[in-house]
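A short worksheet on the structure shown next.
The values are calculated or read from the model by the stated rules, or taken from the named source; none is laboratory data. What you are looking at is a predicted structure, and each value in this text was computed from that prediction instead of being measured. Cβ atoms come from the backbone with ideal geometry, glycine included; neighbour counts cover every protein chain shown.
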Amino acid sequence: MEKNGFYSMRTSALRKLKTTMSKIETKNLDLFYGSFHALLDINLEVEEKMITALIGPSGCGKSTLLRALNRMNDLIEGVRITGEVCVDGKNIYEHGTDLIGLRKKVGMVFQRPNPFPLSIFDNIAYGPRIHGIKNRGELEGIVQKALSDVMLWDVLKDKLDRFALNLSIEQQQRLCIARLSAITPEIVLMDEPCSALDPMATQRIEELMFELKKNYTIVIVTHNMQQAARVSDKTGFMLLGKLVEYGDTKQVFTTPHEKQTEEYITGRYG
Ligand SMILES: Nc1ncnc2c1ncn2[C@@H]1O[C@H](COP(=O)(O)OP(=O)(O)O)[C@@H](O)[C@H]1O
Ligand SMILES: [Mg+2]
């Protein structure tokens, strides 16, 4: 009896494992800039609606890996990629992938906020307009929702025609996140999104990330280990183009399996 119970529990656990597909999965991913081998055999599984942090010293390949997840590296000359990056089980490097659709689904936030030199309203309406939405009322609804998502609506609702580049850096970064949210991505890639912000603004963006993960799968690159430890569910540690260790954030920071991870988190190298 008990034995049967045990087995059926085990089977259902296995079945559950099989049916929860990773949101993103890289398989034997290698990337070369010309002859320079920048990513070596990366196998990473990103879970849906969680925050995954990529940490490691400068130059280890964090940004390169992040860009590989929505084919931003395609824009760099001399890049060669082998292996797969599957989003919802489909390899995005397959011939004939719809790149516009991919970048709508997998959006990116950069180190320096990069609003367009347009009004606040037009920044957010930009994406929806490209995707064919022309109705003013509909656009207004989208702008309100997107600004509310990043807690900017109450502050900016009477200033929507102001020039976006006059906002504070923090508000510009929030606006960039709102601009993404307006095109309803499923995955948000963030490359050191707080590096231009002061500690208070950083804390507020981290709080925002907690809100965002209800709706989005987030992958964040950060050289700030405390930030990774605070905000993420999963952490990957990279060194010289390799994913040295990947696991639950708590485990990686408290009981790392790899010596190199331990050396890094205890500050042995920068
Ligand atoms: N466009 C490029 N062309 C050639 N080499 C590059 C390019 N971008 C990055 N690299 C190299 O690839 C390695 C990883 O860079 P990067 O992904 O930017 O690291 P990180 O984000 O961890 O600081 C570094 O050695 C860097 O010099
Ligand atoms: Mg980088």
* Asked: Is there any pair linking a residue in segment 234-246 that is in contact (Cβ under 8 Å) with a residue 24 or more places away in the chain to one that is part of a strand (DSSP E or B) and polar (S, T, N, Q), with Cβ under 9 Å and at least six apart or on different chains, and which?
  -> Lys234/Thr52; Thr235/Thr52; Gly236/Thr52; Leu243/Thr26; Tyr246/Thr52; Tyr246/Thr235
* Asked: Are any residues in segment 48-92 in contact (Cβ under 8 Å) with a residue 24 or more places away in the chain, more than 13 Å from ligand 2 (Cβ to nearest atom) and exposed (fewer than 14 other Cβ atoms within 10 Å of the Cβ), and if so, which ones?
  -> Asp74, Ile76, Gly78, Arg80, Thr82, Gly89
* Asked: Which one of the conditions (1) β-branched (Val, Ile, Thr); (2) within 20 Å of Ala178 (Cα to Cα); (3) more than 12 Å from the chain's Cα centre (by Cα) does Val87 fail to meet, given that it meets all the rest?
  -> (2)
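Each row is one residue, and each column tells you yes or no for (1) in contact with a helix residue (DSSP H, G or I) (Cβ under 9 Å, 6 or more places away or on another chain); (2) within 25 Å of Leu208 (Cα to Cα).
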| residue | (1), (2) |
| --- | --- |
| Ile51 | yes, yes |
| Ile55 | yes, yes |
| Asn73 | yes, no |
| Ile81 | yes, no |
| Cys86 | no, no |
| Asn91 | no, no |
| His95 | no, no |
* Asked: Residues in segment 160-175: is at least one at pLDDT below 95, surrounded by fewer than 16 Cβ atoms within 10 Å (Cβ to Cβ), more than 16 Å from the chain's Cα centre (by Cα) and assigned to a loop (DSSP other than H, G, I, E, B)?
  -> no
* **Every pair of residues 6+ apart whose Cβ atoms lie under 6 Å, when the first sits in segment 191-202 and is among the polar types (S, T, N, Q) while the second is surrounded by 15 or more Cβ atoms within 10 Å (Cβ to Cβ) and not in a helix (DSSP H, G or I)** => Ser195/Gln111; Thr202/Cys194
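Looking at Phe32, Phe116 in this structure, which one is among the aromatic types (Phe, Trp, Tyr) and under 22 Å from Arg179 (Cα atoms)?
Numbers: Phe32 fails: under 22 Å from Arg179 (Cα atoms).
That would be Phe116, the only listed residue that is among the aromatic types (Phe, Trp, Tyr) and under 22 Å from Arg179 (Cα atoms).
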* Structure fact -> Those residues of segment 35-70 which are part of a loop (DSSP other than H, G, I, E, B) and either among the β-branched types (Val, Ile, Thr) or in contact with a strand residue (DSSP E or B) (Cβ under 8 Å, 6 or more places away or on another chain) (or both) amount to Asn43, Leu44, Glu47, Glu48, Lys49, Met50, Gly56, Pro57, Cys60, Gly61, Leu69, Asn70
* Consider Glu77 against the criteria (1) more than 28 Å from Arg230 (Cα to Cα); (2) more than 9 Å from ligand 1 (Cβ to nearest atom): it satisfies all of them except one. Which criterion is unmet? -> (2)
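Any idea which of Pro185, Pro193 is surrounded by 23 or more Cβ atoms within 10 Å (Cβ to Cβ) and under 18 Å from Val150 (Cβ atoms)? Give the steps one after another, and end with the answer.
Values: Pro185 fails: surrounded by 23 or more Cβ atoms within 10 Å (Cβ to Cβ).
Just one listed residue meets the conditions, Pro193.
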